[in-house]
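The next block holds one structure in the form of structure tokens; read it before the comments.
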Amino acid sequence: MAEDLWINLPVKDVANAKAFFTAIGFTLNPHYGNSADSASFLVGTKGIVVMLFSNSQFEGFTQHALADTTRGTEVLFSLGAASKEAVDEMASRAAAAGGTVFSKPAAQGEWMYGCAFADLDGHRWNALFMDMSKLPQR
């Protein structure tokens, strides 16, 4: 069984991507992974690791071509938010840092509130607040 999850993403410019993710509230990981070709972040209370690698370094690891995020979506990362206000703040931070908010903060049904944005490299993220007390019962 896996013990941890690390998300590895290719980026065109590590310094710009590092600034973006710092601006939206990710915590720089002081222990490893920070160089001219990579950056490491800890996300959330469980400390999920998000690693950013230069496109060339990432291609070397994967031995595969990169997805063209201008033509399609390779994955959608979901970030849990503590409140509707936290979702609003994430959307504002993403936009201010140069990301593209493609789904503005709004209610999604009776129990969810969220937004969605693309980072500088076109990777897609959403932030969701889920009021579990209003979750429809089956």
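The values are calculated or read from the model by the stated rules, or taken from the named source; none is laboratory data. Keep in mind that what you see is a predicted model, and the values were worked out from it rather than measured. Counting neighbours? That spans all protein chains shown, and the Cβs are built from the backbone with ideal geometry, glycine included. Ligands, DNA and RNA are stripped out before the accessible areas are found, and what is left, the full protein with its side chains, is counted by its heavy atoms. Shrake-Rupley method; radii C 1.70, N 1.55, O 1.52, S 1.80 Å.
Restricting the range 1-13 to residues that are in a loop (DSSP other than H, G, I, E, B) and under 21 Å from V75 (Cα atoms), the residue that is most open to solvent (accessible area, probe 1.4 Å) is K12.
Condition check ((1) within 16 Å of L9 (Cβ to Cβ); (2) part of a strand (DSSP E or B); (3) without any contact (Cβ under 8 Å) to a residue 12 or more places away in the chain; (4) small (G, A, S)) across all residues:
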position: A39; (1), (2), (3), (4): yes, yes, no, yes
position: L66; (1), (2), (3), (4): yes, no, no, no
position: A82; (1), (2), (3), (4): no, no, no, yes
position: L120; (1), (2), (3), (4): yes, no, no, no
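Just checking, does the range 14-23 include any residue being over 22 Å from F102 (Cα atoms) and either surrounded by 14 or more Cβ atoms within 10 Å (Cβ to Cβ) or within 12 Å of the chain's Cα centre (by Cα) (or both)? Looking for residues that are over 22 Å from F102 (Cα atoms) and either surrounded by 14 or more Cβ atoms within 10 Å (Cβ to Cβ) or within 12 Å of the chain's Cα centre (by Cα) (or both), one finds at least one in the range 14-23, hence yes.
For A65, state whether it is more than 30 Å from S133 (Cα to Cα), surrounded by 11 or more Cβ atoms within 10 Å (Cβ to Cβ) and out of contact with any strand residue (DSSP E or B) (no Cβ under 8 Å at 6 or more places or on another chain). Considered against the rule, which asks whether it is more than 30 Å from S133 (Cα to Cα), surrounded by 11 or more Cβ atoms within 10 Å (Cβ to Cβ) and out of contact with any strand residue (DSSP E or B) (no Cβ under 8 Å at 6 or more places or on another chain), A65 comes out as no.
Based on this model, can you work out whether L52 counts as open to solvent by less than 70 Å² (accessible area, probe 1.4 Å), out of contact with any helix residue (DSSP H, G or I) (no Cβ under 7 Å at 6 or more places or on another chain) and assigned to a strand (DSSP E or B)? It is false that L52 is open to solvent by less than 70 Å² (accessible area, probe 1.4 Å), out of contact with any helix residue (DSSP H, G or I) (no Cβ under 7 Å at 6 or more places or on another chain) and assigned to a strand (DSSP E or B). Close contacts from the range 99-116, counting a first residue that is closer than 17 Å to E85 by Cβ and touching a residue at least 24 places away in the same chain (Cβ under 8 Å) and a second that is outside any strand (DSSP E or B) and small (G, A, S), with Cβ to Cβ under 6 Å and a gap of 6+ residues or different chains, come to C115/A91.
I'm checking my understanding of the structure. Among residues of the range 76-113 that are touching a helix residue (DSSP H, G or I) at 6+ places or on another chain (Cβ under 6 Å) and closer than 24 Å to Q137 by Cα, which one is most open to solvent (accessible area, probe 1.4 Å)? Ranking the qualifying residues of the range 76-113, first place goes to E110. Candidates in the range 24-54 are the residues that are aromatic (F, W, Y) and under 14 Å from H123 (Cβ atoms); of these, the one that is farthest from the chain's Cα centre (by Cα) is F53.
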